[in-house]
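As structure tokens, the structure follows; a few thoughts come after it.
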Amino acid sequence: MATLASWRFDFGHLYGSETFTKMKIESITLHHISMPLVSPFETSFGRETDRQCVIVEIRSEGLTGYGECVATRDPGYNYETAGTAIHILRDFVAPLILGQDLKDALDFQNRVSGIRGHQLAKAGVEMALWDLTGKREGKSLKQLFGGVRDKVEVGVSIGIQDSPQKLVETATEYVHQGYARVKIKIKPGRDVEDAQAVRNAFPNLRLQVDANSAYSMNDADRLKPLDDLNLLLIEQPLFEDDIWDHHKFQQKFKTPVCLDESIVSPRHARYAIEMNACKIINIKAGRLGGLSQAVMVHDLCLQHNMPVWCGGMLETGIGRASNLALASMPNFTLPGDVSASDRYYQRDITNERFTLNKDSTIDVPNSPGLGVTIDEDALKSYTLAKAVVN
Ligand code: OSB
Ligand code: MG
């Protein structure tokens, strides 16, 4: 297990010993929101036209921190939903931290360790705590994490389209917009042919596929033609709890297997590394239960020469800012699923919008905390329900 540079999680260190104060948590507001997507997003587990999530707003000593819990309407990506997240946060997490003096992210993780699972819920709160810490200390998340890049390489994740021809058209639009890496979603019946169509249209494109756990080992032989398409990686072909079967799958393929859903904690990253279940890991702070856990997986993979990249969950500007800060860390050597704001939403809930640079990168925010401000009117207009716990 990686030992971590302790300063990363020691908020006290950031204040300096003279000014050390713990963060007193005064209130937690949960905004359950639904935002219309610019275009529907279809994966092997379903189709979304509006994206739901839970925005976590935490007040502490005159400052407000924001976090994004990426659980959505349906339990398709994993078992959590926006509804279960609100239940867990309001009824179990909030009572453990309200009115308390929190020391750092690991202090938070220790306090909520009796709550099993519910990583997406916990991660939303941890993000808000990092935002608060950064604002208080006048440091960006990139600085707090020891990020080394001012801009990060990104790609676009394209949902399943009506036909392979339509997929090629959609991919063409994104390539023309400047995305130098494309990921396509696959599912049984829409896999080899779709990937071949994009590969034929773009022989040199950095291309990868994501199955979101849609297959079992019985499908491996049928998927074998994917191995001839010069893909960067095949993401999460098998079930979430099939780390060992991913080892068997990887044995059959020369294309690197990348795990997403399977890696729900730093321990799972270690299992995957020890079992040779994959050659690449997709890091999502939400799935791992918090940014601190994401940094741990980053460090562990760095130690084992396993490249990582930053996954996405169709985030609002809040989660996007967090992803960019994370992806500025040294071992994020493959392009992330962090696209420009206009790929997702006409109007975001942050005043800041993220745009694609000509070199297929997006700039990492450098203002204190997440480095974004909230468009209160937009947030209000997207709100389905709001709960204040204090
Ligand atoms: O598996 O990476 C995934 C979106 C929702 C749920 C799961 C995934 C995704 C994406 C989108 O691929 C990535 C993005 O935010 O652009
Ligand atoms: Mg994925």
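Points worth noting:
- Odd one out for PHE354, checked against (1) away from ligand 1 (no atom under 16 Å from the Cβ); (2) aromatic (Phe, Trp, Tyr); (3) under 20 Å from LYS151 (Cβ atoms): (1)
- Where a residue in the range 79-107 is closer than 15 Å to GLU126 by Cβ and its partner, wherever it lies, is open to solvent by 30 Å² or more (accessible area, probe 1.4 Å), with Cβ under 6 Å and at least six apart: ILE88/HIS118; LEU96/ARG111; LYS103/LYS22; ASP104/ASP10
- Residue within the range 320-339 that is more than 16 Å from ligand 2 (Cβ to nearest atom), over 25 Å from ASN78 (Cα atoms), in contact (Cβ under 8 Å) with a residue 60 or more places away in the chain and surrounded by fewer than 21 Cβ atoms within 10 Å (Cβ to Cβ) present: yes
- Residue within the range 342-357 that is crowded, with 21+ Cβ neighbours inside 10 Å, outside the structural domain of ILE115 (by TED's automatic domain parsing) and within 26 Å of SER216 (Cβ to Cβ) present: no
- Within the range 247-262, the residues that satisfy the criterion of being free of Cβ contacts under 8 Å to residues at least 60 places away in the same chain and either within 15 Å of ligand 1 (Cβ to nearest atom) or hydroxyl-bearing (Ser, Thr, Tyr) (or both) are THR255, VAL257, CYS258, LEU259, ASP260, SER262.
- Of all residues in the range 103-132, those that are closer than 18 Å to LEU30 by Cβ and of a type outside the set (Lys, Arg) total 17.
- Tally, over the range 159-211, of residues that are in contact with a Pro (Cβ under 6 Å, 6 or more places away or on another chain) and charged (D, E, K, R): 3
- The range 335-382, subset farther than 18 Å from LEU132 by Cβ, of a type in the set (Gly, Ala, Ser) and assigned to a loop (DSSP other than H, G, I, E, B), residue nearest to the chain's Cα centre (by Cα): SER339
- Of all the listed residues (LEU129, LEU144, LEU167), the sole one being without any contact (Cβ under 8 Å) to a residue 40 or more places away in the chain, surrounded by 17 or more Cβ atoms within 10 Å (Cβ to Cβ) and touching a helix residue (DSSP H, G or I) at 6+ places or on another chain (Cβ under 9 Å) is LEU167.
- Those residues of the range 42-65 which are open to solvent by 20 Å² or more (accessible area, probe 1.4 Å) and in a strand (DSSP E or B), in sequence order: GLU42, GLY46, ARG47, GLU48, THR49, ASP50, GLN52, ARG59, LEU63, THR64
- Residue in the range 185-199 that is farthest from the chain's Cα centre (by Cα), counting only those that are surrounded by fewer than 22 Cβ atoms within 10 Å (Cβ to Cβ) and assigned to a strand (DSSP E or B): ARG190
- Output for the range 287-307, where each listed residue is closer than 25 Å to LEU231 by Cβ, in contact (Cβ under 8 Å) with a residue 12 or more places away in the chain and open to solvent by 10 Å² or more (accessible area, probe 1.4 Å): LEU302, HIS304, MET306, PRO307
The values are calculated or read from the model by the stated rules, or taken from the named source; none is laboratory data. On a predicted model such as this, the values are computed, not experimentally measured, just so you know. Cβ coordinates were reconstructed from backbone atoms using ideal geometry, including for glycine residues, and neighbour counts include every protein chain displayed. The protein model used for the area step is the full one, side chains on, heavy atoms only, and it has no ligands, DNA or RNA in it. Shrake-Rupley method; radii C 1.70, N 1.55, O 1.52, S 1.80 Å.
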